[in-house]
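Okay, so here's the structure we're looking at.
What follows draws every value from the coordinates through simple rules; no lab data is involved. Please read these numbers as outputs of a predicted model, since none were measured by experiment. Methodologically, a virtual Cβ is constructed for each residue, glycine included, from the backbone with ideal geometry; neighbour enumeration extends over all protein chains shown.
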Amino acid sequence: KIQIPAIKGVTETNTITFKGENAVITYTGSEEKDYLLSLDSAANISFEGIVFEAGATHDVVVDLKNTDDVSFYKTTFNAPVLTNPTMILVNMSAMNNNISFVADTFNNGNTSIYLASQKDNLKAQNIQIDSCVFTDFRASAAVVNDIENMMFRFNKLMSHANDFIADATQFYNISGVSEIGANEIVLSNSTSKIRNAIVVRNASFEDINPL
């Protein structure tokens, strides 16, 4: 397990980058509310070319809480096939601002990216999900709540032969300069009801061009 708190001396101009060259990080522990990587109050950190490989008992692969300026580039998030039916690959709770996922791959799990609702009518700022691949999510590839300025474009979402597929993407209470565009979504062979590819509620966008 890896825990990264706020790091003294890290700023917008003095950042930290972890480069993996496809190195695999895994953990097989079974603690309650388990995760592989946790960032709590961390800022100005980037991950490039790392594979996060979850064990069967994980609830969350990567957990972000109160983070700022965190990016993932060409990073892979893997969950085991058909194990924990509630596993979230990337969970964002509390206030997370300026988070980006670019050219990443998300495999299996229940929900690939989950941004929790905010309290007191607050909104997180700036999330980018761009040119990513989502495969065989059980419920949703992305669930995003309470965000100002969001980009979700050029992504490929594919889920085949899962026992349940909810709405593939869900965007709630989104405002600001936001875009959903040029995404490819394929849902097939579910033994349950296949619902919607994109759900948008209580949101305003400058550009909506889903497919």
Original post:
Counting only residues 5 or more places away or on other chains, whose amide H sits under 5 Å from the amide H of I25 once H atoms are built in the peptide plane?
Top reply: V51, F52, E53
Original post:
Any idea what diffusion coefficient segment 10-113 gets from Stokes-Einstein, in µm²/s, Kirkwood Rh on alpha carbon pairs, 10 °C, 1.306 mPa s?
Top reply: 115 µm²/s
Original post:
Between N121 and A6, what is the spin-label point distance in nm, taking each point 7 Å from the Cα along the Cα→C-beta axis?
Top reply: 2.8 nm
Original post:
Total Lys pairs in the chain closer than 24 Å by alpha-carbon, pairs eight or more apart in sequence or interchain only?
Top reply: 15
Original post:
Can you list the HN-Hα couplings for segment 126-132, worked out from phi with the Karplus curve (6.51, -1.76, 1.60; θ = phi - 60°), rounded to whole Hz and with x for Gly and Pro?
Top reply: 6, 10, 10, 10, 9, 6, 9
**OP:** Collect residues whose amide H, placed 1.01 Å from N in the peptide plane, falls under 5 Å from the amide H of M151; neighbours closer than 5 in sequence don't count.
**Re:** I127, Q128, I129, E179
Subject >> Viscosity 1.567 mPa s, 4 °C: Kirkwood-radius Stokes-Einstein D of segment 55-114 over Cα pairs, µm²/s >> reply: 109 µm²/s
**OP:** List the relative contact order of the chain as a percent without decimals, with contacts defined as Cα pairs under 8 Å and 6+ residues apart.
**Re:** 13 percent
Original post:
Percent antiparallel among DSSP beta bridges with both residues in the chain, to the nearest 5?
Top reply: 0 percent
**OP:** Specify, per residue and in Å³, the volume enclosed by the convex hull of the alpha carbon atoms belonging to the chain.
**Re:** 116 Å³
**OP:** Compare V177, V133, V90 in a GNM of the chain, Cα atoms joined below 10 Å, and give the one with the largest fluctuation.
**Re:** V177
Original post:
For N14 and T26 in the same chain, what is the full-extension length gain: residue separation times 0.36 nm, less their Cα-Cα distance, in nm?
Top reply: 1.5 nm
**OP:** With no solvent and one equal point scatterer per Cα, compute the Debye intensity ratio I(q)/I(0) for segment 115-185 at 0.16, 0.19, 0.22, 0.27 Å⁻¹ and report its log10, rounded to two decimals.
**Re:** -0.57, -0.77, -0.95, -1.20
